[in-house]
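Okay, so here's the structure we're looking at.
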Amino acid sequence: MKTALISVYDKTGIVEFARLLHRFNVEIISSSGTAAMLKKNRVPVMEISEITGFSEMLGGRVKTLHPKIHAGILATASKKHFEELKKNGISLIDLVVVNLYPFKEMISKTGNLSKIVEEIDIGGVALLRAAAKNFERVAVICSPKQYESVSQEMISSNGVISGRLRQNLAIESFSLTSAYDSLVSNYLWKKFFPDFFPSNFTPTFEKISDLRYGENFQQKAAIYREPFWVEPSVAFAKVLQGKEMSFNNYLDAESAVECVKEFSKPSACIVKHTNPCGVAGGKTILEALTHAFDCDKKSAFGGIIALNRPCDEETAKKIASFFNEVVILQALEKSRQSP
């Protein structure tokens, strides 16, 4: 690996990673903002404008959209491509490190359409897709979370990034750009034509974590959530204590939460194997839980409890009086993390 292109919005960990690249004699080219940070930290870098012969344009909207950049990324190892690059004075780029403008975060901060539109990344998405397409030769990093795994492999392999890791990085890159484009299209669709059904509906989900196993022990599983879901859901819940949640825990917990969301008065639901074995309301949350438990005390053993109110001391004692797997509280709060 001889040349890396770095252009990142989120600069977390980039100085340390760039120092590692320099240690392996990798030449770094970079956009102005990232280059300034690397120069400040004494990491040798060449600005992209020195390669293309053009300064960044249109307030930064055009930085890397140039044949000398994209040809260097997209060229395969074929003799014909090498000859074309040599004829046009273009060097190969072996590693692309890019993360995108924070479109999702901007939506959460403001309703100002002009500000939101400015956070639609163009050049970054193009760079990631070009590098991911050419994974046979080029490695692509789309998140600071990937620096560690790439660094470890480079250190153990004397600067080499294996084909298997390049493949994995390419998949992650296409996954990110696909989700990013979906967020943009869905936002604009709901903004301008909320009653219109688009030809292609592409929802996106964010991975929360892997799970120990799926519905059965031999199956693999992970949990995902919609990024802008506004109703209470266990996908946005804060785990206060206890062991890691399983696939079946999440399934039963969501069933219990959806049940108690139907009621405005203090209510409790106990779910076992996706089926409610007790649902009740009351003047207090303790009364509601007591009635729910009395519906089927035997099935309630090892079940999932959801309450649509805060849990007071007496209710906590009642919960502790029999074995249960999960307890979800405040399922009617408007906050995403209310359960």
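The values are calculated or read from the model by the stated rules, or taken from the named source; none is laboratory data. Quick caveat, the model's predicted, so the values are computed rather than measured. No Cβ is skipped: glycine too gets one built from the backbone with ideal geometry, and neighbour counts run over all protein chains shown.
Scan Ser175, Ser151 and give me the residue that is in contact (Cβ under 8 Å) with a residue 40 or more places away in the chain, of a type in the set (S, T, N, Q) and in a helix (DSSP H, G or I). Before you say what the answer is, go through the steps one by one.
On the way: Ser175 fails: in contact (Cβ under 8 Å) with a residue 40 or more places away in the chain.
Of the residues listed, the single one that is in contact (Cβ under 8 Å) with a residue 40 or more places away in the chain, of a type in the set (S, T, N, Q) and in a helix (DSSP H, G or I) is Ser151.
Taking Asn249 as meeting all but one of (1) of a type in the set (S, T, N, Q); (2) within 30 Å of Lys207 (Cα to Cα); (3) touching a Cys at 6+ places or on another chain (Cβ under 9 Å), write down the number of the exception.
(3)
Those residues that are closer than 21 Å to Cys142 by Cα and not assigned by TED's automatic domain parsing to the domain that holds Gly123, I need them from segment 178-201; list them, please. Before you say what the answer is, go through the steps one by one.
Going through segment 178-201, the residues closer than 21 Å to Cys142 by Cα turn out to be 178-185.
Once the filter is applied, which keeps residues that are closer than 21 Å to Cys142 by Cα and not assigned by TED's automatic domain parsing to the domain that holds Gly123, segment 178-201 yields nothing.
Which of the residues belonging to segment 157-172 are of a type in the set (S, T, N, Q) and either over 19 Å from Ala18 (Cβ atoms) or not assigned by TED's automatic domain parsing to the domain that holds Val140 (or both)?
If the condition is that a residue be of a type in the set (S, T, N, Q) and either over 19 Å from Ala18 (Cβ atoms) or not assigned by TED's automatic domain parsing to the domain that holds Val140 (or both), then Ser162, Gln167, Asn168 are the ones that fit.
Do you know which residues across segment 33-57 are closer than 16 Å to Gly124 by Cα and in contact with a His (Cβ under 9 Å, 6 or more places away or on another chain)?
Listed by number, the list holds a single entry, Ile48.
Filter segment 12-30 down to the residues that are in contact (Cβ under 8 Å) with a residue 60 or more places away in the chain and among the acidic types (Asp, Glu) and list them by number.
Glu16
Would you check which residues across segment 184-225 are within 30 Å of Glu118 (Cα to Cα), surrounded by 14 or more Cβ atoms within 10 Å (Cβ to Cβ) and not aromatic (Phe, Trp, Tyr) and list them? First the steps, then the outcome.
Within segment 184-225, the first condition is being within 30 Å of Glu118 (Cα to Cα), and the residues that meet it are 184-208, 224-225.
In the following step, the residues that additionally are surrounded by 14 or more Cβ atoms within 10 Å (Cβ to Cβ) were identified as 184-189, 204-205, 208, 225.
Val184, Ser185, Asn186, Leu188, Thr204, Ile208, Arg225 - these are the residues of segment 184-225 that are within 30 Å of Glu118 (Cα to Cα), surrounded by 14 or more Cβ atoms within 10 Å (Cβ to Cβ) and not aromatic (Phe, Trp, Tyr).
Return the residues of segment 223-259 that are under 24 Å from Val184 (Cβ atoms) and among the aromatic types (Phe, Trp, Tyr); say none if nothing qualifies.
Filtering segment 223-259 down to residues under 24 Å from Val184 (Cβ atoms) leaves 224-231, 233, 235-236.
Hits for segment 223-259 are Tyr224, Phe228, Trp229, Phe236.
Within segment 67-86, which residues are assigned to a loop (DSSP other than H, G, I, E, B) and either buried (at least 18 other Cβ atoms within 10 Å of the Cβ) or hydroxyl-bearing (Ser, Thr, Tyr) (or both)?
Residues of segment 67-86 assigned to a loop (DSSP other than H, G, I, E, B): 75-78.
The answer is Ala75, Thr76, Ser78.
Need a quick list: helices (runs of 4 or more DSSP H) entirely within segment 87-144 having at least 1 residues that are without any contact (Cβ under 8 Å) to a residue 24 or more places away in the chain, acidic (Asp, Glu) and surrounded by fewer than 20 Cβ atoms within 10 Å (Cβ to Cβ). It would help to see each step written out before you state the result.
Numbers: elements: 103-109, 113-118, 123-133.
The qualifying helices (runs of 4 or more DSSP H) are 103-109, 113-118.
With the condition being assigned by TED's automatic domain parsing to the domain that holds Glu231, more than 28 Å from the chain's Cα centre (by Cα) and without any contact (Cβ under 8 Å) to a residue 60 or more places away in the chain, I'd like the strands (runs of 3 or more DSSP E) fully within segment 248-339 carrying at least 3 qualifying residues. Reasoning before the result, please.
Details: elements: 267-272, 275-281, 303-307, 324-328.
Of the strands (runs of 3 or more DSSP E) lying wholly inside segment 248-339, those with at least 3 residues that are assigned by TED's automatic domain parsing to the domain that holds Glu231, more than 28 Å from the chain's Cα centre (by Cα) and without any contact (Cβ under 8 Å) to a residue 60 or more places away in the chain span 267-272, 275-281, 303-307.
Name, by its number, the condition in (1) under 29 Å from the mean Cα position of the chain (by Cα); (2) farther than 23 Å from Ser151 by Cα; (3) surrounded by 15 or more Cβ atoms within 10 Å (Cβ to Cβ) that does not hold for Ser49.
The number of the failed condition is (1).
Taking segment 31-73 as the search range and keeping residues that are among the polar types (S, T, N, Q), without any contact (Cβ under 8 Å) to a residue 60 or more places away in the chain and in contact with a helix residue (DSSP H, G or I) (Cβ under 6 Å, 6 or more places away or on another chain), which one is nearest to Gly13 (Cα to Cα)?
Within segment 31-73, the first condition is being among the polar types (S, T, N, Q), and the residues that meet it are 31-32, 34, 41, 49, 52, 55, 64.
Still in the running and without any contact (Cβ under 8 Å) to a residue 60 or more places away in the chain: 31-32, 34, 41, 49, 52, 55.
With the extra rule that they be in contact with a helix residue (DSSP H, G or I) (Cβ under 6 Å, 6 or more places away or on another chain), the set shrinks to 31, 41, 52, 55.
Details: Ser31: 17, Asn41: 12, Thr52: 27, Ser55: 26 Å.
Filtering first and then ranking leaves Asn41.
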